[in-house]
Amino acid sequence: MNLFSDIRALVVESLEAMVGEGALPEGLSFDNVTVEPPRDAAHGDMATNAAMVLAKPAKQKPRDIAEALAARLLADARIVKAEVAGPGFLNLRLDTGVWAGLVETVLTTDGYGQSTMGAGQKVNVEYVSANPTGPLHVGHTRGAVFGDALASLLEYAGHVVTREYYINDGGAQVDVLARSTYERYREALGHTPEIGEGLYPGDYLVPVGKALAELKGDVWLDQPESVWLDEVREYATAQMMDLIRADLKSLGVEMDVFFSEKSLYGTGRIEAALAALDAKGLIYEGVLAPPKGKLPEDWEPREQTLFKSTDHGDDVDRPVKKSDGAWTYFAPDIAYHFDKVERGFDALIDIFGADHGGYVKRMKAAVSALSDGKVPLDVKLTQLVKLFKNGEPFKMSKRAGTFVTLRDVVDQVGPDVTRFVMLTRKNDASLDFDFDKVLEQSRENPVFYVQYAHARVHSVLRKADALGVTLVDQPALVDEAELAVAKKLAEWPRLVEIAARTHEPHRIAFYLYELASEFHALWNRGNDKPELRFLQEGDLAATAAKIALPRAVAVVISAGLGILGVTPAEEMR
RNA sequence: GCACCCGUAGCUCAGCUGGAUAGAGCGCUGCCCUCCGAAGGCAGAGGUCUCGCGUUCGAAUCGCGACGGGUGCACCA
């Protein structure tokens, strides 16, 4: 149920009738006809641009079309007013009964706002994908929250979603992890660890080294790397993934698939992916032209195996093999995305940190080539999170060991606040995260503000329950403030579809803030007008009718917070 | 030098596949608790949407070009 699409259907129906009568010419496209909430509530409840869009192709004046359309729409019981305004807008006023009906729908429909837009399409959302070399930090947190909310949003809009994490366990950095762990292993056996430049100094490896010492004894002491590297790497990587899984769980993020990069090596899968590209004539041996502008110090032309990504929108072709014949990091990435394509997803979404913006074009080129342009890949970049403490920038240094982990954030402010705050900004805008402000209980803090609205509803419900009110689903809407809330509720399904289509979960957070705002306004109006209070003294029937609206608000807030992965609070503490 | 992202009120930011007089919070001014949770609400002041050209009935939104900020730019993953 989406009131806006219902009314749009009515508009299109009316336009078709006009065509049938010869009032409009045949063959018009109504695709661009929209029915939207007007910017200014004084303009009415909904506005359609039909007359302006059709004026040119129909060779008629917008005003004439609008007036003919208005006359038809008024025949529908739902439309009480239709007036032409501005350059040719048709402003519609809906019958109060429509809004009451909407509130009833919210209360009686299972999953009001859920959409079938996705039509069961299989979507793969890959996010976090941090190197398995240590705990997740703040930057990963934003990617985790964003990816998870986007995945939920797409599910809510009718897609079948797979949440996936790509483990970069095939490259040099896991060797570094192994060497770092080895030093902790030595340390556990009483030696002084030699953690030189380029090794990971974090003490999260201390227990790993200790466990290894208990497991293996001293057999690896004073042994060359060739003896222990493989085993230590495998052990440490597994430990780090356990750590990461636990970090994610503390945020409420659970992946469906953890995909190992290493599983691509030595199994012919990279070769297969490149063979697929080769079969399309997209692999060749060649020398890349040096970049324009200042040359890198050690530039020298080299012949390499290249992927002709420029055929699919990239700026330059990309090497898939190094000059020594080994794969570049890009090769397994291609194989990984080839695997996703072969698993039959209808759409792929990758979420990267903004510092990986440079890889977007080549990944899109690869997926385009591998799927013959049939599987779209959308890459969303998440910008920096700037940390503050009491208004002051929070200094982070990896060297000094003062970098802030996901755990630090979740432990201090909790998963709900972390998630909501991370979603109060567009993904491609940087985000200020102040440890004190996010816990503040004021309008300035959207988490609190939305939760407060939800808690207020439940406060009313508790009281109503104590009074013995029997709930009814038909509201009595009279005041403008009540109607304003109902109208906001009507926007919810439409907003879900817009947010899902644009892959922008932050729109949900902003909507919830607006809904909460309308609700708080109504609440306060009860101060001046006792007849607007939800609890009507001594009148259980009136109370039941009054609390239908706040109940509907709670339903939508609860659904919206659910998408964001935030628990709706029934009480503020 | 090239690519991508960003530029909206004093500050932090929304702005719907292009729609009407561009919105919210903070801050500033003034109001509202014998009343369901004032942890709230109402009202006011504050704008050449960085600039220019173009497309369009209509541009903050689309295209081109400047300017300003961020990020990334051959074998490292």
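The values are calculated or read from the model by the stated rules, or taken from the named source; none is laboratory data. Since the structure is predicted, the reported quantities are computational estimates derived from the model, not experimental observations. Note that we place each Cβ from the backbone using ideal geometry, even for glycine, and neighbour counts take in every protein chain shown. All accessible areas refer to the heavy atoms of the entire protein, side chains included, with ligands and DNA or RNA removed. Shrake-Rupley method; radii C 1.70, N 1.55, O 1.52, S 1.80 Å.
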task = Please go through segment A:200-286 and write out the GluC sites (Glu not before Pro) that DSSP classes as loop and that have at most 12 other C-beta atoms within 10 Å.
result = A:Glu254
query = Cross-link partners among lysines for A:Lys386, C-alpha distance below 21 Å, same-chain residues fewer than 8 apart left out?
reply = A:Lys395, A:Lys398, A:Lys426, A:Lys437
query = Considering segment A:409-499, what Rg and Dmax in Å follow from its alpha-carbon atoms?
reply = 17.3, 50
key: Tilt relative to chain A, helix A:548-564 - C-alpha long axis, 0 to 90 degrees, to 10   = 20 degrees
message = Place a point 7 Å from Cα of A:Glu300 in the direction of its Cβ. Which residues in segment A:324-346 have their backbone N less than 16 Å from it?
response = A:324-325
inquiry  = I'd like the FRET efficiency for A:Asn524 and A:Leu74, computed as 1/(1 + (r/R0)^6) with the beta carbon distance as r and R0 of 35 Å, rounded to 0.05.
reply    = 0.45
Length released on extending from A:Leu288 to A:Thr328, taking residue separation times 0.36 nm less the Cα-Cα span = 12.9 nm
query = Given the convex hull over the Cα atoms of segment A:161-237, what projected area results after averaging over all orientations, in nm²?
reply = 6.0 nm²
request  = Summarise the accessible area of chain A (1.4 Å probe, protein heavy atoms) by the percent that is carbon and sulfur.
outcome  = 49 percent
key: chain A - charge dipole about Cα centre, Lys and Arg +1 at Cβ, Asp and Glu -1, debye rounded to 20   = 940 debye
note = If each K or R counts +1 and each D or E counts -1, the residues other than A:Tyr513 whose Cβ falls under 12 Å of its Cβ total 0
For segment A:262-354, diffusion coefficient by Stokes-Einstein and Kirkwood Rh (Cα), 37 °C, 0.692 mPa s, µm²/s = 223 µm²/s
query = Suppose R0 equals 51 Å; then what is the FRET efficiency for A:Phe388 and A:Met1 from their Cβ-Cβ distance, rounded to the nearest 0.05?
reply = 0.75
inquiry  = Testing the spin-label approximation: label points 7 Å from Cα along Cα→Cβ at A:Leu189 and A:Asp408. State their distance in nm.
reply    = 3.3 nm
task = Would you mind checking the pairs A:Lys81/A:Lys487; A:Lys249/A:Lys380; A:Lys488/A:Lys546; A:Lys292/A:Lys380 and listing those with alpha carbons more than 25 angstrom apart?
result = A:Lys292/A:Lys380
remark   = With 0.36 nm assigned to each residue of separation and the Cα-Cα distance removed, A:Glu13 to A:Arg443 gains 150.4 nm
note = Zone reached by a paramagnetic label modelled 7 Å from A:Asp64 Cα along Cα→Cβ, restricted to segment A:15-47 with backbone N below 19 Å, covers A:15-29
key: Between helix A:225-251 and chain A: long-axis angle, C-alpha atoms, 0 to 90°, nearest 10   = 20 degrees
request  = Please compute the net charge surrounding A:Asn168, taking Lys and Arg as +1 and Asp and Glu as -1 over other residues with Cβ under 10 Å from its Cβ.
outcome  = -2
inquiry  = Given points 7 Å out from each Cα along the Cα-Cβ axis, report the A:Glu480 to A:Ala42 separation in nanometres with one decimal.
reply    = 1.0 nm
inquiry  = With an 8 Å Cα cut-off and a minimum separation of 6 or more residues, compute the relative contact order for chain A in percent.
reply    = 16 percent
note = Summing -39500 (n - 2.57) over every DSSP H run of at least 4 in chain A, dividing by its residue total and rounding to the nearest 500, the 222 nm mean residue ellipticity is -15500 deg cm²/dmol
request  = Could you tell me how many degrees, from 0 to 90 and to the nearest 10, lie between the Cα long axis of helix A:506-528 and the main elongation axis, the longest principal axis, of the Cα atoms of chain A?
outcome  = 40 degrees
key: Dipole magnitude (debye, nearest 20) for segment A:3-94, charges at Cβ of Lys, Arg, Asp, Glu   = 260 debye
remark   = Semi-axes a, b, c in Å (a largest) for segment A:3-94, each sqrt of 5 times a Cα gyration tensor eigenvalue, come to 19, 14, 12
ask   = Label points 7 Å out from Cα along the Cβ direction at A:Ser263 and A:Lys426: separation in nm?
value = 3.7 nm
remark   = Taking the square root of 5λ for each eigenvalue of the C-alpha gyration tensor of segment A:115-265, the equivalent ellipsoid has semi-axes, largest first and in whole angstrom, of 37, 14, 11
request  = With 10 Å bins from zero, work out the P(r) of segment A:316-474 over every alpha carbon pair and list the percent per bin.
outcome  = 8, 24, 21, 22, 16, 7, 2, 1
ask   = Semi-axes, largest first, in whole Å: what does sqrt of 5 times each Cα gyration tensor eigenvalue give for chain A?
value = 53, 34, 18
key: Distribution of pairwise C-alpha distances over segment A:446-564, 10 Å bins, in %   = 14, 45, 30, 10, 1
